[in-house]
Amino acid sequence: MKHLYDAVLFDLLSALLDSWSLWDDVAGDSSLGRKWRMHYLDATSHIEHYRPYLSLIGESADAVGIAREQVQTLGNRWRELTPWPEATAVIAEIASKTKVGIVTNCSEELGLIAKNRLGVALDVFLSAERAGYYKPDPRIYQKAIEEIDEDPRRILYVAGSPFDVRGAAAAGMPVYWHNRIGLVDNEANSRSIDVSDNLGGLRNLIV
């Protein structure tokens, strides 16, 4: 049977891991943690080239009133990141059928720590640091497409944020938006082939 897709690329920190809870806990308040995280995600849309990951997060902390020392606390607690309950099983099942990879806005060091929380072998792992650009810059997606070596129209991209949806769709990939926390973004909805609060629906797309 011919697969619908020849590869699947995943966002890491939102699509596969529950990083939201860690940011909220470090911030000391869920609404402040969400504000901090969304400010950082928006900031990545306006950066031409990679700058140190924790420095960028620190700038967002300043903007929303979080003490700078909490940024180092976030980095120190990175190993606490936890996969969404179904994530490891779903990505392992997909990896048994087709190529899989991760594209993450992490630094290389923190990205590898986060990836290892999944315990699944990958064909491609691309951090923003190694790419030289943050998502949603089209160049990071293009590099991932080159490394997984398939037609972008036959690479399913699993996004974790609306910014990621727009970037991956602009790079020519069909996008599944794993909108776990229920963000509202009509444009991202319209640019996704499916929007779900879990990863289970991927099983119907990878046959």
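Tabulated results
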read-out	value
Among the residues listed as Leu32, Leu9, Leu74, the single one being touching a Gly at 6+ places or on another chain (Cβ under 7 Å) and either part of a loop (DSSP other than H, G, I, E, B) or not charged (D, E, K, R) (or both)	Leu9
Residue list for segment 23-42, filter: in contact with a helix residue (DSSP H, G or I) (Cβ under 6 Å, 6 or more places away or on another chain) and surrounded by 15 or more Cβ atoms within 10 Å (Cβ to Cβ)	Trp23, Asp24, Val26, Ala27, Gly33, Lys35, Trp36, Arg37, His39, Tyr40, Leu41
Residues located in segment 177-207, provided they are of a type in the set (S, T, N, Q) and either touching a helix residue (DSSP H, G or I) at 6+ places or on another chain (Cβ under 8 Å) or within 16 Å of Arg37 (Cβ to Cβ) (or both)	Asn179, Ser192
Matching residues, segment 196-207, being crowded, with 18+ Cβ neighbours inside 10 Å and either without any contact (Cβ under 8 Å) to a residue 12 or more places away in the chain or within 15 Å of the chain's Cα centre (by Cα) (or both)	Leu199
Considering residues of segment 98-143 that are basic (Lys, Arg) and under 18 Å from Arg154 (Cβ atoms) only, the residue surrounded by the most Cβ atoms within 10 Å (Cβ to Cβ)	Lys99
Of residues in segment 3-49 being at pLDDT 95 or above and β-branched (Val, Ile, Thr), the one nearest to the chain's Cα centre (by Cα)	Val8
Condition check for Ile66: assigned to a loop (DSSP other than H, G, I, E, B) and not assigned by TED's automatic domain parsing to the domain that holds Gly182	yes
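The values are calculated or read from the model by the stated rules, or taken from the named source; none is laboratory data. Since the model is a prediction, treat every value here as computed from it, not as a measurement. Please note: Cβ atoms are built from the backbone with ideal geometry, for glycine as well, and neighbour counts cover all protein chains shown.
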